[in-house]
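Scroll down for the structure; my scribbles are underneath it.
Readers should treat all values here as calculations from the given coordinates under stated rules, not as data from a laboratory. Values in this document were obtained by computation on a predicted structure and should not be read as measured data. Glycine gets a Cβ as well: all are built from the backbone with ideal geometry, and neighbour counts include every protein chain shown.
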Amino acid sequence: MYRNNSFRVVLAAVAAAGLVSMETMAGETLNSKQIKEMFADKTIDAVNHVQGGKSQLTYFSADGKIAQKAPSGEKREGSWRVSDKNQQCITWSGQKEVCSSLQARGDGTYDRIVGDKAVVTIQKMRDGNLLDK
């Protein structure tokens with residue numbers, strides 16, 4: 001019993017020091033709270049599998065606005081929200097809303113799942129709006 005508690009204390013101290021990453025487990029689907037916390041006021045780097053593996057940079061504002069910039073420089077805007085079904089819903093200007101679940105890959109990246117297909121892989125999340133930097 002003492003050995004188990006000592007191990008937990010050491011592991012907690014190492015994690016608090018940032019020496020061990022507590023990644024979401026592979027296959028875990030994010031809940032509404034996790035989605036809101038992870039995306040609000042963040043810029044994400046992602047690969048769009050529907051568009052042939054093209055890179056995209058997307059900013060999710062805390063007030064529900066979204067902006068995206070493609071490597072070509074093309075920009076688009078819209079809105080985002082989190083549904084009560086643990087899905088992130090995005091509406092691009094002039095298009096219908098598309099809702100997706102977000103599934104952890106276990107390595108700090110996430111797949112955006114529509115139906116049963118991974119349509120986007122989120123590779124990196126950074127604080128703030130970095131679209132024009």
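Gln103 meets each of the listed conditions (1) out of contact with any Lys or Arg (no Cβ under 6 Å at 6 or more places or on another chain); (2) buried (at least 16 other Cβ atoms within 10 Å of the Cβ); (3) without any contact (Cβ under 8 Å) to a residue 40 or more places away in the chain; (4) of a type in the set (S, T, N, Q) apart from (3). Across the stretch 113-127, the number of residues qualifying as not charged (D, E, K, R) and not in a strand (DSSP E or B) comes to 1. The lone criterion from (1) within 20 Å of Glu28 (Cα to Cα); (2) surrounded by 15 or more Cβ atoms within 10 Å (Cβ to Cβ); (3) touching a residue at least 40 places away in the same chain (Cβ under 8 Å) left unmet by Ser83 is number (2).
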